[in-house]
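The values are calculated or read from the model by the stated rules, or taken from the named source; none is laboratory data. All of these numbers come straight from a predicted model, not from anything done at the bench. Neighbour counts run over all protein chains shown; Cβ positions are idealised from the backbone, glycine included.
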Amino acid sequence: MTTTTETRKFEAEVAQVLHLVTHSLYSHKEIFLRELISNASDACDKLRFEAIGKPELLTGDGGFHIDIAIDKQARTLTIRDNGIGMSRDEVVANIGTIASSGTRKFLEAMSSEQKSDANLIGQFGVGFYSAFVVADKVSLVTRKAGTEAGEGVRWESDGTGEYSLSGADKVERGTAVTLHLKADEDEFLQPWQVRSLVARYSDHIGFPIRMLKESDGDEKAEKPAEEWEVVNQASALWTRPKSELIDADYQNFYKHIAHDFNDALAWTHNRVEGTQNFTSLLYLPSKSPFDMLMGARDERKGLKLYVKRVFIMDAAEQLLPAYLRFVRGVVDSDDLPLNVSREILQQNRNLEKLRAACTRRVLDLLDKLAKDEPEKFATFWKEFGTTFKEGAAEDFANKERIAKLLRFASTKSEGAVQAVSLDDYIGRMVPSQDAIYYLTADGYAAAAGSPQLEALKAHGVEVLLMYERIDDWMTSYLTEYAGKKLRNVAKGDLDLDKLGGVDAEKRKEAEKAAEGVVKKLKELLGERVRDVRVSARLTDSPSVLVLDEHDMGLAMQRLLKQAGHDVPASKPILEINPANVLVKRLESETNEARAQDLGLLLLDQAQLLEGVALDDPAAYVRRVNALLAHT
Ligand code: ADP
Ligand code: MG
């Protein structure tokens, strides 16, 4: 074999990550041990899976284990596993580069201030590099399962800019990572300290973690043969009875599987026995991971499928619907075949049931939070509410349950906080009210300030304020809740008479009195609008645009147009408030040009308020200025 050593430079991004990690993780430096053990455990998981089809990979094997060895003289700490190992190319790809494009984007997007935030860093799995927080040199010796003893690889780096690669002889299967500890990191040479870290962070790892048994201190006694002892529970956490587990166990396990440095918000751990046998342990994170914001709907990680304790694959798409893509955890089935592939999985009938059961568990958990831990539920909503809303449109079977969990801002709540449930709303409806009113807009301010709300406010009727992109789409599916219709206040006839307080006679009179100005406006605006009519919606503002019951919302029309779709132009209806001074002025204006300006202004303003960009903004400004100059 060759013994030549090759020196390579880290990718620029790796160097950047290394710098970040070593400078910002210092206050949590002991987590390197958790990360390296986590990698060792992943490596054992991978080999156990591979060996299902190729049992020869495990020949001569006494079972998987992860060993931690301390050499006080050499000042090293070694973490060794007999897992899958890596080929030379894999070492280069996995350790020398940053494979995940998400990480790359993340680095680019982070501001320099954020770059020192350990929690953010934790979100993109910098696992291996955390070794450099405590070590000034790290060497990794590895041999891939199924290759010859002489095909080992040695990787070494001081964590600055370069690493070296060479061949290694007589290497056992798996990977050994040796940390040459920095001068002031002696604590990690103390076996009791390392044991307590294993107990704290890695107790839940499903493989035995072993350390050498400590001698009883009798120097003269003949040195006993080295004896390894297991220092963790070594049973998969989700297989242990709930009564044995404390919160810290669950949290540590969460960090291991979710690659998150933050605590989980909540979890649900269940064993189901019956026609299907499975265990699920599902977590809600407390923070939205970075790539969720990047809209990674397809690339989902963090929900792991096990079959009879054997890790099979990351299978979030198969196990939960997209609107629950923030959930992390494990599902361990006794019924699926061990050699299940993604393709087989898709056709498996058990899977559908598994998926429905997991979905139900998550919804149960959310119900419980909403009821018993409103603060946690609020956190959930803040982080994942927008994603969760997709469910109201997509998950027909659970529509009512999902709707019950939705939270909105409303005309009766403070600011942009989304905390009003549909049940809260119904509980506050005015006596003769039979619909749930909502308004969609481009932003909170546009919603809260919309003239569409004037008359409803005057009647004391609450309106839900929806201002996220997804809302128009969601409400086109969510049209009813608890027997009450959801009504967009900008659409159709509001039926305010029914709510009481409006004198139908008086309204007729007002309409009659306004016939002249309505006719005038219709002539002025011509083809631009479908109709002009007197508004029941307005109390102060001069004009507002409304749509027919079944028209597509204006924001939705705009979205589709931007996405290059052909949208049938639905012309809006202009409603006016005859009591408003501008409308009165138009009524009495005899100068034709000025009347024209005023008429167009009423339409343009109503458009602006709906967040519709004007076709000719310059003309609008000219008209406003002309009118201002005239007074
Ligand atoms: P992550 O574990 O999130 O993928 P790490 O930085 O911890 O990120 O590890 C990077 C990659 O290096 C792993 O995905 C894996 O492919 C490889 N690796 C690390 N440690 C080991 C190991 N002990 N055995 C085999 N492969 C490993
Ligand atoms: Mg890792």
Pick from Ile66, Ile31: which is at pLDDT 90 or above, within 16 Å of ligand 2 (Cβ to nearest atom) and not small (Gly, Ala, Ser)? Ile66
Would you be able to tell me the number of residues in the stretch 50-74 that are within 16 Å of Met211 (Cα to Cα) and basic (Lys, Arg)? 1
Only listed residue being in contact (Cβ under 8 Å) with a residue 12 or more places away in the chain, surrounded by fewer than 13 Cβ atoms within 10 Å (Cβ to Cβ), under 23 Å from Ala168 (Cβ atoms) and more than 16 Å from ligand 2 (Cβ to nearest atom), chosen from Thr59, Thr4: Thr4
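Yes/no matrix, rows are residues, columns are (1) touching a Lys or Arg at 6+ places or on another chain (Cβ under 6 Å); (2) farther than 23 Å from Ser41 by Cβ; (3) in a helix (DSSP H, G or I):
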{"position": "Ala176", "(1), (2), (3)": "yes, no, no"}
{"position": "Phe188", "(1), (2), (3)": "no, no, yes"}
{"position": "Ile205", "(1), (2), (3)": "no, no, no"}
{"position": "Met211", "(1), (2), (3)": "no, no, no"}
If I ask for residues that are at pLDDT below 90 and either surrounded by 19 or more Cβ atoms within 10 Å (Cβ to Cβ) or assigned to a strand (DSSP E or B) (or both), which ones from the stretch 134-155 would you list? none
Kindly indicate whether any position in the stretch 209-223 is at pLDDT 95 or above, within 16 Å of ligand 2 (Cβ to nearest atom), surrounded by 14 or more Cβ atoms within 10 Å (Cβ to Cβ) and in the same structural domain as Ser41 (by TED's automatic domain parsing). yes
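Take Val133 and decide whether it is in contact (Cβ under 8 Å) with a residue 40 or more places away in the chain and within 16 Å of ligand 2 (Cβ to nearest atom). Explain how you work it out, then say what you get.
Values: in contact (Cβ under 8 Å) with a residue 40 or more places away in the chain: yes; within 16 Å of ligand 2 (Cβ to nearest atom): yes.
Yes; evaluated as a whole, the condition is true for this residue.
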Spans of strands (runs of 3 or more DSSP E) in the stretch 301-365 with at least 3 residues touching a strand residue (DSSP E or B) at 6+ places or on another chain (Cβ under 8 Å) and either buried (at least 22 other Cβ atoms within 10 Å of the Cβ) or acidic (Asp, Glu) (or both): 303-307, 328-333
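Condition check: within 13 Å of ligand 1 (Cβ to nearest atom), touching a residue at least 12 places away in the same chain (Cβ under 8 Å) and either over 32 Å from the mean Cα position of the chain (by Cα) or within 19 Å of Val230 (Cβ to Cβ) (or both). Does Ala43 satisfy that? Break it down into steps so the answer makes sense when it comes.
Values: within 13 Å of ligand 1 (Cβ to nearest atom): yes; touching a residue at least 12 places away in the same chain (Cβ under 8 Å): yes; either over 32 Å from the mean Cα position of the chain (by Cα) or within 19 Å of Val230 (Cβ to Cβ) (or both): yes.
Considered against the rule, which asks whether it is within 13 Å of ligand 1 (Cβ to nearest atom), touching a residue at least 12 places away in the same chain (Cβ under 8 Å) and either over 32 Å from the mean Cα position of the chain (by Cα) or within 19 Å of Val230 (Cβ to Cβ) (or both), Ala43 comes out as yes.
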